[in-house]
Ligand SMILES: [Zn+2]
Ligand SMILES: [Zn+2]
């Protein structure tokens, strides 16, 4: 089978490997689609260090091609999405359902303490507990279950009540999924701030009640103007300190500033403890997803609650990954889907 393996920083190579045999509690999935994520980008550039060689790709779906001896929940031919987070299931976080906070998690192709080979490959071997049935959902939509589940988690962390106002800073692929998740949860109004014209227009199409262009106006005044006041949830979906500060500046007293974009590990943020005390503004982080979020994301995709097609702009082969990473660095296009076995 063909895989795209990271062999060093900035090096990715399409290799021919033996098709893996699943362990007794594992499933082999023939990958139908695997979407490319900023995590893959960071692994490629060494900003998420990994031990090469490793096959990245953690947003995938496909067809069960083989099952281990002890597997009884799925069979060959089933269509599934792969939850790339493998929790230890024994730590205190896992036991209380917060599998995203697991102290010794493994990721299938993503970022975690332990990384096993992912789905930029014709086949991926995964534990039985990581596959979810998708019925007849197209693979490219099911591949978005993982990023969408992160957004579902963000909405939960923000503790949203229907009718709460929301600002989203940044409308990249993940910001646009977060927008749709907040909208499904009953948020309103939702105001999106985004530099790029096309992304901003798409945010309006996908349900933002107002969009603001930071090139033209100061979001710190334009967002409250559009929302009829400061917002209950100020969500930052980029991962930069100035935009986190912006999200906080538009968060109403008693509201929540949601740190949703991935900040750099050495970034620091200056906060006024008095303001947090006096205004009762929470800073909350939303990291990855738990098992329940993943199932909910699949339900939302299956019931048409999410416009997945609008955030998918490209289909590529395994060989095209370096070019895809370059385009992501330049913020060109939205979600890129790898079809590992082009017919
Ligand atoms: Zn991802
Ligand atoms: Zn655990």
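FYI, it's all coordinate maths here, none of it is from the lab. Keep in mind the model is a prediction, meaning the values are calculated, not measured. Cβ placement follows ideal geometry from the backbone for every residue including glycine, while neighbour counts extend to all protein chains displayed.
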Over the chain: helical MRE at 222 nm, DSSP H runs n ≥ 4 each giving -39500 (n - 2.57), nearest 500 | -8000 deg cm²/dmol
Considering the zone a paramagnetic label at residue 218 would reach in this model (a point 7 Å from Cα along the Cα-to-Cβ line), which residues of the stretch 224-264 have amide N under 12 Å from it?
-> none
If r is the Cβ-Cβ distance from residue 103 to residue 225 and R0 is 41 Å, what FRET efficiency results, to the nearest 0.05?
-> 0.40
Compute the long axis of helix 291-302 from its Cα atoms, compare it with the longest principal axis of the Cα atoms of the chain, and write down the angle in degrees, 0 to 90, nearest 10.
-> 90
Efficiency of FRET from Cβ geometry, residue 70 and residue 265, R₀ 45 Å, rounded to 0.05 = 0.70
Alpha-carbon centroids, the stretch 140-192 and the stretch 107-134: separation in whole Å = 24
Does anything in the stretch 121-135 have its amide N under 17 Å from the 7 Å Cα→Cβ label point of residue 339, and if so which residues?
-> 121-123
Bin by bin, in steps of 10 Å, what percent of the Cα pairs in the chain do you find, going until the bin that has the longest distance?
-> 6, 26, 34, 23, 9, 2, 0
Is the stretch 1-157 rounded, prolate or oblate when judged by the Cα gyration tensor, a ≥ b ≥ c being the square roots of its eigenvalues, rounded requiring a/c under 1.5 and prolate requiring a/b larger than b/c?
-> rounded
Using a Förster distance of 45 angstrom, determine the FRET efficiency expected from the C-beta separation of residue 159 and residue 19, and round it to 0.05.
-> 0.50
Taking a crude spin-label model, label points 7 Å out from Cα along the C-beta direction, the residue 240 to residue 209 distance in nm is 2.7
Along Cα→Cβ, 7 Å out, is where each label goes; now give me the distance between the ones at residue 279 and residue 253 in nm to one decimal.
-> 1.1
Measure off 7 Å from each Cα along the Cα-to-Cβ vector at residue 303 and residue 11, then give the distance between these two points in nanometres to one decimal.
-> 4.9
